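One structure is given here, and the rest of the page talks about it.
The values are calculated or read from the model by the stated rules, or taken from the named source; none is laboratory data. Values in this document were obtained by computation on a predicted structure and should not be read as measured data. Reconstructed Cβ throughout: ideal geometry from the backbone, glycine too, with neighbour counts over all protein chains shown. Calculation scope for accessible area: heavy atoms of the full protein, side chains included, ligands and nucleic acids excluded. Shrake-Rupley method; radii C 1.70, N 1.55, O 1.52, S 1.80 Å.
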Amino acid sequence: MSDKLANGFLSAALTRIQRSPTIAATQQARELKAAGRDVIGLGAGEPDFDTPDNIKEAAIAAIRRGETKYTAVEGIPELRAAIAEKFQRENNLQYRPSEIFVAPGGKAVIYTALMATLNAGDEVIIAAPYWVSYPDIVLLGEGKPVIVNTAAENGFRLTPEALDGAITPKTKWLIFNQPGNPSGACYAREQLRALADVLLKHPHVWVLTDDMYEHLVYGGFEFHTLAEIEPRLRVRTVTMNGVSKAYGMTGWRVGYCGAPEPLVRAMAKLQSQTVSNASSVSQWAAVEALSGPQDFIPKFQRAFEERRDLVVSMLNQPRGLECNTPDGAFYVYPSIRQLIGKRAPSGTVIDSDESFVRELLDQEGVAVVHGAAFGLSPFFRISYATSPAVLEEACRRVQRFCASLT
Ligand SMILES: Cc1ncc(COP(=O)(O)O)c(C=O)c1O
């Protein structure tokens, strides 16, 4: 870094945040592989399947039609209509197209909603373990992340009591993510009902539901979102979702939300001065994703469920590892509590999930992400969005690593 950059050139806001640790872990695995090391990367949060052909064809057709210009800031009318229709069909939620907002990725929706609303000191409740970007986006906006820990024994779910206890007059938002990244936590209808009852008592609190993994649920789990369970919350809820995970479209960068119209207008004002709009071609691809055939979704669900079962069963075999069985997303979040204090063959004492993850990479070439990055230790996250053969080999290595600790 040059002296000029070191001497106050960078913003103070940037000092409040860190580089995304999941992106950093993925990059580290990629670099080690490029340098010739035998590394299995299980850090990335993206499905391994390709975007379905009908979606790619829709994008190619859009390019050929010349859909290559700036679009409306909030998204093309065809996509906003398709999203409104999706909310009605899948979530029993009535949003008018004017209540729909499209951004380049789910992350950009969250960023724009928070930046459009946060003032210094506003509190945002986030359950840990959390998706890494929530607290940092809040900090960028000068807000205060209020972290509420959850417990593995309770499937890493936010309880109504913990939510009630965290709300203060300064609370502006609850960020509510299910199926959860990194825990896979899902909430049954009654559990959502109980949280909704708490929120009804506190009318100043808005809710941002991150439903990104809605379609990745297993064992017959039925997904519901908060605004559907309690329609009275709709006036202060942002129902966020996107095409990245369910449609294998992480690189296309399209996320969206349904929200009260005045907030959509405020978000559009901000987006008009930042990224302007999601890519025109990607928006047309998203129209096809949401309106075209959905029959591949159950196939991917089954494939992911098999992988989950494989990983959970293999990770529960080594003494000292405990791995619960999440109902959704494509992550497991095993506990290493019983391995803390043990010594690796290198002589390193495993004193945290960070040292566990570092030694696992050095010794066995398996790249995962330490729990501290997600705000709850001592755990680590494995993404099982990769082939069963690779997962089996990775889990065998984790087993061998655990067995080598004394
Ligand atoms: C919980 C959660 N929300 C939002 C996102 C962001 O999705 P996108 O790639 O559409 O920005 C991710 C991506 O990892 C995620 O895990």
Point to revise | Meets criteria (at pLDDT 95 or above, open to solvent by 50 Å² or more (accessible area, probe 1.4 Å), more than 13 Å from the ligand (Cβ to nearest atom) and among the acidic types (Asp, Glu)) for GLU99 | key: no
Study note, to complete from the structure: Picking from ARG157, ARG193, the residue that is within 16 Å of the ligand (Cβ to nearest atom), more than 13 Å from the chain's Cα centre (by Cα) and open to solvent by 40 Å² or more (accessible area, probe 1.4 Å) would be ARG157
Revision key, fill the gap. In the range 348-406, residues that are under 23 Å from the mean Cα position of the chain (by Cα), more than 23 Å from LYS33 (Cα to Cα) and outside any helix (DSSP H, G or I) total 5
Point to revise | For GLY248: the one exception among (1) assigned to a loop (DSSP other than H, G, I, E, B); (2) away from the ligand (no atom under 16 Å from the Cβ) | key: (2)
Practice item. Considering each residue of the range 384-396, count those that are under 18 Å from SER335 (Cα atoms) and open to solvent by 20 Å² or more (accessible area, probe 1.4 Å), and give that number. Key: 1
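How do the strands (runs of 3 or more DSSP E) wholly within the range 99-177 filter down when requiring 2 or more residues that are free of Cβ contacts under 8 Å to residues at least 24 places away in the same chain: which remain?
Counting at least 2 such residues, we get 144-149.
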Practice item. Would you point out the residue of the range 358-369, among those that are more than 16 Å from the ligand (Cβ to nearest atom) and in contact (Cβ under 8 Å) with a residue 60 or more places away in the chain, that is surrounded by the fewest Cβ atoms within 10 Å (Cβ to Cβ)? Key: GLY365
**Study point:** Conditions (1) within 16 Å of the ligand (Cβ to nearest atom); (2) open to solvent by 10 Å² or more (accessible area, probe 1.4 Å); (3) among the hydrophobic types (A, V, I, L, M, F, W, C); (4) not in a loop (DSSP other than H, G, I, E, B): number failed by MET240
**Key:** (2)
Check your understanding: How many residues does the range 324-347 contain that are among the aliphatic types (A, V, I, L, M), surrounded by 24 or more Cβ atoms within 10 Å (Cβ to Cβ) and not in a loop (DSSP other than H, G, I, E, B)?
Key -> 1
Revision key, fill the gap. In the set GLY180, GLY165, the lone residue that is at pLDDT 95 or above and either open to solvent by 30 Å² or more (accessible area, probe 1.4 Å) or more than 13 Å from the ligand (Cβ to nearest atom) (or both) is GLY165
